[in-house]
């Protein structure tokens, strides 16, 4: 069901409690109106849904291949190099790509000044 504010586009299926939380508790703390937020979310969902669906289908294909392999092979007796070759052959393991960097803009000071992550290692 949609929020009482009716700002949620009909293409989105949003839980009432969640939409009320966003509309009544989160958005009042921002300069974003409910219609801006929900239409923005609708746009994000529309833009990324096809890619997300393609990734889900790829994952299902990989999982089926792995399941079939395990039905045909006794993992305890398998040469691990052979198993890795199989995983590479189906595209589950890929070569490491080139180094890259990510830049961000408009980051809150409290996030931007965080020291090195101490619990990430």
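The values are calculated or read from the model by the stated rules, or taken from the named source; none is laboratory data. A quick note: this is a predicted structure, and the numbers were derived from the prediction, not measured. All Cβ positions, even for glycine, are placed from backbone atoms using ideal geometry, and neighbour counts span all protein chains on display.
Details
- Filter result for residue 48 (surrounded by 10 or more Cβ atoms within 10 Å (Cβ to Cβ) and out of contact with any helix residue (DSSP H, G or I) (no Cβ under 9 Å at 6 or more places or on another chain)): yes
- When the helices (runs of 4 or more DSSP H) confined to the stretch 20-119 are screened for residues that are closer than 30 Å to residue 9 by Cα and modelled with pLDDT of 90 or more, those reaching at least 3 such residues are found at 34-72.
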